[in-house]
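Structure first, then comments.
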Amino acid sequence: MKPRIPYTRPSITEAEVRAATDAARDGWGDRCYEDLQRFERGFAAHLGVRHAIATSSCTGAIHLGMAALGIGDGDEVILADTNWIASAAPIVHLGARPVFVDIDPESWCIDPAAAERAITPRTKAIVAVHLYGNLCDMDALRAIGARRGIPVIEDAAEAIGSVWHGRRAGSMGRFGTFSFHGTKTITTGEGGMLVTDDDALAELATTLSNHGRARGQVKQFWPDMLGFKFKMSNVQAAIGCAQLARVEELVARKRAILDGYRRRLEGTNGIALNPEPAGTVNGAWMPTAVFDRSTGVTRERLQAAFAVENVDARVFFHPLSSLPMFTPCPRNRNAWDIPGRAINLPSFHDITEDEQDRVAAVLRDCLHG
Ligand SMILES: Cc1ncc(COP(=O)(O)O)c(C=O)c1O
């Protein structure tokens, strides 16, 4: 059997190892927040936002931000049916209802017109998930939000390095969230970040993230409100600082890998890769191939072909509304159709030209086989 090609693997250099070792040795006592605060400041500067709050995961950051927005019992939150469940679970845990709408067939992200049609008096937010590094139409979503008085939240877990007309993904919504899970472009193992320009929201989220204990609290061990424990550790943040110092390199490499697939598939009809419309930059977290319906190529055929070649390929997200805990919404036609003819491709930092050749060959063979 040919050597296995994994779909993802972080890029960890001696700089990250040194940072983690230093934090493990010295980052305690008076210095226990040193790397954490450095990571938050650095991330805020990278994004061009006023506040960044490091969390234990992106799921936690979403939960925290939504709680700080006051989302709760009986409320509705609109999001695309195509998503990882992490964007939806916090809505349910807060007592609100996720309202799943269709995706745009080109961007694979939320269809703004569908989002607007789903608004009711109970709608408390619209979540823009930038899928696989692709960007939601933020102009349309922000215009709807402004017109209807509804905050737009950005889940930019998959969109470090993506830019919408000069503004970084995650920096345009009422708040944005990021993931530093081991599969992401920047990793801390597990971890996340909530970012916002809203001073009051940032303060409340900071308090909520630490069991409701406000900063500068005088009375010890006296939570002012019921909160959560969604903090990141200093050792993780030290790794995050070392990764953040390499963000341009890490994103450039992701983009080069996507470009490498694009070049290899040039002239091959019937396969669409992640789009990059004029005026945008795709951070290319997860190169993905979507086959035209006319090709007849299915997810199952793709999975079988990749398995034979010993290449890890990941299925495109199932529609959330098809999962057992939700009510099916097959009227979300694109969200229900595209995953059946799509596949995520390997894109780890050190992937070789030969390995990319092998992946592209599987795609081409499926088309002709
Ligand atoms: C779009 C999206 N949102 C949220 C998350 C959750 O991230 P985490 O695993 O850090 O909680 C992920 C992670 O895969 C994701 O892809």
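Structural remarks
- Ranked for footprinting exposure by Cβ neighbours inside 10 Å, fewest first, Asp73, Asp357 give Asp73, Asp357.
- Separation between Cα centres of the stretch 91-113 and the stretch 211-263, rounded to whole Å: 25
- Three-way shape label, the stretch 183-329, alpha-carbon gyration tensor, a/c 1.5: prolate
- Antiparallel %, DSSP beta bridges [both residues in the chain], to 5: 60
- Note on Gln217 and Thr21: with the Förster distance fixed at 30 Å, the Cβ-Cβ geometry gives a FRET efficiency of about 0.35.
- Environment charge of Arg293, counting only residues whose C-beta is closer than 13 Å and scoring Lys/Arg +1, Asp/Glu -1: +1
- Other residues with beta-carbon under 14 Å from the beta-carbon of Gly369 carry, at +1 per Lys or Arg and -1 per Asp or Glu, a net charge of -1.
- GNM result for the chain, Cα springs below 10 Å: residue of Gly29, Gly42, Gly95 fluctuating most strongly: Gly29
- Estimated distance in nm for a label pair at Ala361 and Ala143, the labels positioned 7 Å out from Cα along Cα-to-Cβ: 4.8
- Net charge, Ala242 excluded, C-beta distance under 11 Å - Lys, Arg +1, Asp, Glu -1: -1
- Shape category assigned to the stretch 2-98 from the gyration tensor of Cα positions, a/c cut at 1.5: oblate
- Qualifying chymotrypsin sites (Phe, Trp or Tyr not before Pro) in the stretch 177-224, DSSP loop, other Cβ atoms within 10 Å at most 10: Phe221
- Candidates Thr196, Thr177, Thr13, ranked by Gaussian network fluctuation over the chain, Cα under 10 Å, top entry: Thr13
- Mean separation of Cα contacts under 8 Å, 6 or more apart, over the residue count of the chain: relative contact order %: 22
- Selected from Pro275, Pro287, Pro112 as most flexible by GNM, with the chain as the system and alpha-carbon contacts under 10 Å: Pro275
- Per-residue Cβ neighbour counts within 10 Å put Val195, Val17 in the sequence Val17, Val195, beginning with the fewest.
- Rg over Rh, two decimals, the chain (C-alpha only, Kirkwood Rh): 0.98
- For the stretch 141-193, alpha-carbon Rg and Dmax in angstrom: 12.6, 40
- Fewest-first ranking of Cys136, Cys241, using other Cβ atoms within 10 Å as the exposure measure: Cys241, Cys136
- Taking trypsin sites (Lys or Arg not before Pro) across the stretch 117-182, the ones in a DSSP loop with at most 14 further Cβ atoms lying within 10 angstrom of their Cβ are Arg122.
- Mean residue ellipticity, 222 nm, helices only, the chain: the sum of -39500 (n - 2.57) across DSSP H runs of n ≥ 4, divided by residue count and rounded to 500, is -10500 deg cm²/dmol.
- Length, then width, then depth: along the principal axes, the Cα atoms of the stretch 69-109 run 34, 15, 15 Å.
- Near the amide H of Lys231, within less than 5 Å, lie the amide hydrogens of Ser56, all on another chain or at least 5 residues away, with H placed in the peptide plane.
- Sparsely packed GluC sites (Glu not before Pro) within the stretch 237-333, loop by DSSP, other Cβ within 10 Å at most 14: Glu266
- Taking a straight Cα-Cα cut-off under 30 Å and skipping sequence neighbours fewer than 8 places away in the same chain, the lysines within cross-link reach of Lys219 are Lys229, Lys231.
- The chain - Cys residues lacking any other Cys C-beta under 4.7 Å: Cys32, Cys58, Cys241, Cys329, Cys366
- Whether the stretch 101-255 is rounded, prolate or oblate, judged on the alpha carbon gyration tensor where a/c under 1.5 counts as rounded: oblate
All of the numbers you see were taken from the coordinates with simple rules; none came from a lab. This is a predicted model, so every value here is computed, not measured. Every residue, glycine as well, gets a Cβ built from its backbone with ideal geometry; the counts of neighbours run over all protein chains shown.
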